[in-house]
Amino acid sequence: RMDMSTNTTSFFPGSENSFSNKRNMGVTASQTTGYIGGAEPSTSDVGQFNFANETSSSSSPMSLVGSRQNTTGNGNITQGYITGGGPGNPGYTNTTKLNYAANTSSNLPSAKGNIRQAAPSDKYTKGMNNTGNQEKGYFIGGDPGSSYIEKLTYATDTMSSTVSTVIPAGNPSNARKPSY
């Protein structure tokens, strides 16, 4: 836990963590709750972390389509998105939208919510990083060696792609994980 008002940190005992032995999760949050989607070992669960009483639940009424690994999350205070994560072919180029108020999830239509609609597999959908604001989120990079930047516009639930001239493409694919 990072206390932003006192600029201090503290550690939660492992017994309070419902997500033990999980890794590479995609996360997003409202003002009151953090949402943890997917993870390795492969899972379609969406867990929740309550900020007020600092308790966690390993599952909720929300779920991801397919078993996701190494996903990435983005969103604002009313809705969240968990995208990418493979495995599969066609893989998880799609995006699951989380409705915080209703505590429900839905898959975006492939024509709108896919990462690089031209890619028929989960290529480049693992190990992405992200940044964003209240209107749009960006998903950056991804294994193996992607130079793509995805922009997700929350108002329209629409993903668009561009090739970055800044993020180098090519091999070795495990040489970097971009962070912004």
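The values are calculated or read from the model by the stated rules, or taken from the named source; none is laboratory data. None of the values given here were measured: they were computed from a predicted structure. Ideal geometry is used to build each Cβ from the backbone, glycine not excepted, and the neighbour counts take in all protein chains shown. Keep in mind that these areas ignore ligands, DNA and RNA; they rest on the heavy atoms of the full protein, side chains included. Shrake-Rupley method; radii C 1.70, N 1.55, O 1.52, S 1.80 Å.
The residues listed here are SER110, SER60, SER44, SER106; of these, the one that is among the polar types (S, T, N, Q) and closer than 26 Å to SER10 by Cβ is SER60. Every residue in the range 70-124 that is crowded, with 18+ Cβ neighbours inside 10 Å, of a type in the set (Ser, Thr, Tyr) and modelled with pLDDT under 85, please. Across the range 70-124, the qualifying residues are TYR92, THR93, TYR124. For THR33, the criteria (1) modelled with pLDDT of 90 or more; (2) loosely packed, with under 15 Cβ neighbours inside 10 Å hold in every case but one, which is (2). Among the residues of the range 139-158, are any of a type in the set (Phe, Trp, Tyr), touching a residue at least 40 places away in the same chain (Cβ under 8 Å), part of a strand (DSSP E or B) and out of contact with any Gly (no Cβ under 6 Å at 6 or more places or on another chain)? Checked the range 139-158: at least one residue is of a type in the set (Phe, Trp, Tyr), touching a residue at least 40 places away in the same chain (Cβ under 8 Å), part of a strand (DSSP E or B) and out of contact with any Gly (no Cβ under 6 Å at 6 or more places or on another chain).
So how many residues does the range 133-142 have that are of a type outside the set (D, E, K, R), touching a Lys or Arg at 6+ places or on another chain (Cβ under 9 Å) and open to solvent by 20 Å² or more (accessible area, probe 1.4 Å)? So the answer is 1. Any residue in the range 53-71 that is of a type in the set (Ser, Thr, Tyr) sitting within a Cβ distance under 6 Å of a residue that is in a loop (DSSP other than H, G, I, E, B) and surrounded by 24 or more Cβ atoms within 10 Å (Cβ to Cβ)? List the pairs, counting only those 6 or more apart or interchain. If the second residue must be in a loop (DSSP other than H, G, I, E, B) and surrounded by 24 or more Cβ atoms within 10 Å (Cβ to Cβ), the pairs left are THR71/GLY38; THR71/GLY84; THR71/GLY85. Screening GLU54 against (1) surrounded by 15 or more Cβ atoms within 10 Å (Cβ to Cβ); (2) among the charged types (D, E, K, R); (3) touching a helix residue (DSSP H, G or I) at 6+ places or on another chain (Cβ under 9 Å) leaves a single unmet condition, (1).
For the range 143-168, residues that are modelled with pLDDT under 80 and open to solvent by 70 Å² or more (accessible area, probe 1.4 Å) total 4. At least 3 residues being of a type in the set (Val, Ile, Thr) and farther than 20 Å from MET128 by Cα is the threshold, and among the strands (runs of 3 or more DSSP E) wholly inside the range 19-83 not one reaches it.
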